[in-house]
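Peer 1: First the structure, which I've put down as structure tokens, then a few questions once you've had a look.
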Amino acid sequence: MKIKIGYQIVYDFPQPTPMLLVLNVHYSRAADMIVVDHVTTNPGVPIGAYRDSFGNWCSRLTAPPGRFVISGSGLVNDQGRPDPVVLDARQHTIEELPPDALVFLLSSRFCETEQLADTAWNLFGKEPLGWPRVQAICDFVHDHIRFGYEFARPTKTAWEAYTERQGVCRDYAHLAIAFCRCLNIPARYCTGYLGDIGVPAAGPMDFAGWFEVYLGGTWHTFDARNNVPRIGRILIARGRDATDVAITTTFGPNTLVDFQVTTEEVRE
């Protein structure tokens, strides 16, 4: 299937303001891009590009004073299959893990393993290792947190999501990631597009947050917010938590005026 993606983000800036953007589809989907999702701005400004330490495509620019629009759109070829489920994917010992997976065992800005370690072992320590243990974590987090955009807070951590029992998709992901790391399962945060393909429409589109774990020699997708395999998941970036994959980072005062995301199947 073909999936149309895009976004429009509108700011008001009182002064020239540097920005970092993480908005391009991940390089791992480059071969699937029918129309590339170039970042454009109005008014137009020079845009620099670089790869961060996690391999994500990033952009940098300086927004001028006044109304500033950032937009992009693309067309992606997708297999149209749900997220794979590999029930026998085994958990590795620490000694077996590749070096680049080790950082995803550590505490990070939004995933405080120190505060959640005892809770994680009490809740999941008797679950079978590997895929079943991660699924048990997803089941718990899915039921434990109540979803609502009114619960969104850019500073909310996994511990706070656990104690407050409410949040948005990034909070589900952060809590599940923290639990996995407490149990010696490498877990990393993902952001990207996830439309309503194959499920009832759930309201206005937004970027989505989910996570990946290292089991059976490779990384697997899990989604504690939805907790079912989904169709049409399009990755933008990966990192330790939401800090590493912020869609926009502004270095100065601003007002967010409008934010729109599109991701939908294109019917032939």
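The values are calculated or read from the model by the stated rules, or taken from the named source; none is laboratory data. Bear in mind the structure is a predicted one, so any value in this text is a computation, not a measurement. Because the Cβ atoms are built from the backbone with ideal geometry, glycine has one as well, and the counts that use them run over all protein chains shown. What goes into the accessible areas is simple: the full protein's heavy atoms, side chains included, and nothing from ligands, DNA or RNA. Shrake-Rupley method; radii C 1.70, N 1.55, O 1.52, S 1.80 Å.
Peer 1: Where Rh is the Kirkwood radius over the Cα pairs of segment 99-247, the temperature 4 °C and the viscosity 1.567 mPa s, what D in µm²/s does Stokes-Einstein return?
Peer 2: Roughly 86 µm²/s, to the nearest whole number.
Peer 1: Then there is this: If one takes the longest principal axis of the Cα atoms in the chain, at what angle in degrees, from 0 to 90 and to the nearest 10, does the Cα axis of helix 131-144 lie?
Peer 2: Helix 131-144 sits roughly 60 degrees off the main axis of the chain.
Peer 1: So, by mean Cβ neighbours within 10 angstrom, what's the order for 35-41, 1-7 with the highest one leading?
Peer 2: So the order, starting with the most tightly packed, is 1-7, 35-41.
Peer 1: Over segment 113-162, with every protein chain in place, what whole percent of the accessible area is carbon and sulfur at 1.4 Å, could you tell me?
Peer 2: Of all accessible area on segment 113-162, carbon and sulfur atoms account for 53 percent.
Peer 1: Would you calculate the separation in nanometres between label points at residue 227 and residue 75, each defined as 7 Å from the Cα along the Cα-to-beta-carbon direction?
Peer 2: 3.8 nm
Peer 1: On to the next question. What number do you get for the chain when its Cα radius of gyration is normalised by 2.2 N^0.38 Å, N = residues?
Peer 2: Computed over Cα atoms of the chain, the ratio equals 1.02.
Peer 1: Label point 7 Å out from residue 268 along Cα-to-Cβ: which residues of segment 228-259 have amide N under 14 Å?
Peer 2: So the set is empty, nothing qualifies.
Peer 1: Please compute P(r) over all alpha-carbon pairs of segment 3-47, binned at 10 Å starting from zero, and give each bin as a whole-number percent.
Peer 2: The calculated distribution, bin by bin, is 18, 51, 24, 8.
Peer 1: Based on alpha-carbon positions alone, could you give the equivalent ellipsoid semi-axes of segment 1-92 from the gyration tensor, as √(5λ), descending, whole Å?
Peer 2: They are 32, 17, 11 Å, listed largest first.
Peer 1: Charges only on Cβ, +1 for Lys and Arg, -1 for Asp and Glu: so what's the dipole of segment 18-132 about the Cα centre, in debye to the nearest 20?
Peer 2: 580 debye
Peer 1: Once both axes come from the Cα atoms, what is the angle between helix 169-182 and the longest principal axis of the chain, in degrees from 0 to 90, rounded to 10?
Peer 2: Roughly 40 degrees, rounded to the nearest 10.
Peer 1: I've got another one for you. Output needed for segment 46-102: three equivalent-ellipsoid semi-axes, defined as square roots of 5 times the C-alpha gyration tensor eigenvalues, in descending order, whole Å.
Peer 2: 38, 21, 9
Peer 1: Still on this structure, I have one more. Considering the Cα trace of segment 22-63, what is its radius of gyration and what is Dmax, both in angstroms?
Peer 2: Rg then Dmax for segment 22-63, in Å: 11.4, 31.
Peer 1: For a quick protection proxy, order the peptides 110-121, 147-158, 78-89 by their average other-Cβ count within 10 Å, most packed first.
Peer 2: 110-121, 147-158, 78-89
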